[in-house]
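Each remark here refers to the structure printed beneath this line.
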Ligand SMILES: C[S@@+](CC[C@H](N)C(=O)[O-])C[C@H]1O[C@@H](n2cnc3c(N)ncnc32)[C@H](O)[C@@H]1O
C-alpha cells in the first residue's frame, strides 16, 4: 500500500479504501442507474450478479420525497452530505452503547409527560435512530411510527419489532419531507437530531413537522443549549462508547453558530473518519425558527430535572403547537 494515496473523487476513494481494506462513505451512481451511499467499498466492486435490485432512478415531483434522485424510496443528492454518511458503520455501535434501556424509558416518560400523551394518540419519532425511544413509547400504548434516514437503522428496528412482537412501524424518510399530512398528534425530534442542515433546511425540517401535525398537534425538540455549551466548549475528546474508541476534534464557527466535529472511530482493526456540522441554538433562536415555521405557544425547558431553561441548562427542550386555525 506504500505509495497509494487517497484520491479526491468518489471512485478513487472507494478504490483506495477497498485496496486498503477500509470502509468508506461515498455516493455512487452505477451503470445500471442505481444511486446510493456505500459504506463498504466491497459492495461497489461486487460482481454484477450480486448487485442489489433497484427501481430505475427517477426525478421526483415537489410533492414526493424532494427533488433529486431516488434510491430505495429516499431521495439523495449525488454529493453526500455529512448526515447521509455519518451514522452508519461504527457509529451504530456508539449509538447503541450510549443509552441503556432504563435511560430510554426515562426519556420516553419525559416525552409523554411534556406532550401530555394519551393512549392511542398518533406520534412520529423522527429521527428515531435504532428506535430506542420509539419502542418505549409503543409499550406505553402510543400509536407510534419511527422514521430515520439511515436505512440499516430502520431495517434493524423493524427486525426488533418483529422479534419482540411490538406494535410499531418504521419508515425510511428524510425529516424535511415527512409523508404525513395534518394527521399526527405529535412529532418528536429527540437527542441532538435537529440543526443538521443549512438555515433553509432546518426551517424545512420544522415546516415538515408542522405540516404532518393535526391543528393543535405538538412538536417536541431536544437539543444542546448553546448558552450552556459555549462557556464550556472544548476542542476535542477521547473516549470509548459501545466498545468503539471515539476521538473527536471540534471547532466552533461563530459566524454560523455551528459545531464542526471530526470523529475518528476505531474498533479492532477497523477505523472510520466522519465529519459532522450541527447548528446549535439558544432559546431565542429556537423560538424564532419555530415561529417562522408557523408554530405558536412555544415553551422552552431545561433538563435535568425538567424545569425553566437557563444559561446553565445543558439540554434544551422546545414544545411548540400548531395553531388550531
Ligand atoms: C443522534 S441520532 C438520534 C436518534 C434517536 N432520536 C435517539 O434518541 O436515539 C440522530 C439520527 O438522525 C438520523 N438522521 C440524520 N439525518 C437525517 C435526515 N435528514 N432525516 C432523517 N433522519 C436523519 C440519523 O440516521 C440518526 O439515526
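The values are calculated or read from the model by the stated rules, or taken from the named source; none is laboratory data. Here the structure is a predicted model, which is why all the values come from computation and not from measurement. With ideal geometry, Cβ positions are generated from the backbone for all residues, glycine too; neighbour counts draw on all protein chains shown.
Tabulated data for the structure shown
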{"item": "Residue identified as in the same structural domain as residue 127 (by TED's automatic domain parsing), in contact with a strand residue (DSSP E or B) (Cβ under 8 Å, 6 or more places away or on another chain) and surrounded by 18 or more Cβ atoms within 10 Å (Cβ to Cβ) among 208, 212", "result": "212"}
{"item": "Selection count, the range 220-262, where residues are exposed (fewer than 13 other Cβ atoms within 10 Å of the Cβ) and assigned to a helix (DSSP H, G or I)", "result": "2"}
{"item": "In the range 157-211, the residues that are under 17 Å from residue 104 (Cβ atoms), more than 9 Å from the ligand (Cβ to nearest atom) and touching a residue at least 60 places away in the same chain (Cβ under 8 Å)", "result": "none"}
{"item": "Any hit, the range 288-298, residues being exposed (fewer than 13 other Cβ atoms within 10 Å of the Cβ), at pLDDT below 95, assigned to a strand (DSSP E or B) and over 22 Å from the mean Cα position of the chain (by Cα)", "result": "no"}
{"item": "Evaluation of residue 236 against (1) over 16 Å from the mean Cα position of the chain (by Cα); (2) within 16 Å of the ligand (Cβ to nearest atom); (3) farther than 18 Å from residue 128 by Cβ (one fails), failing number", "result": "(2)"}
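Residues are listed down the side, and each one gets a yes or a no for (1) within 27 Å of residue 182 (Cβ to Cβ); (2) more than 10 Å from the ligand (Cβ to nearest atom); (3) touching a strand residue (DSSP E or B) at 6+ places or on another chain (Cβ under 6 Å); (4) at pLDDT below 95:
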residue	(1), (2), (3), (4)
97	no, yes, yes, yes
113	yes, yes, no, no
118	yes, yes, no, yes
130	no, no, no, no
134	yes, no, yes, no
141	yes, yes, no, yes
149	yes, no, no, no
154	yes, no, yes, no
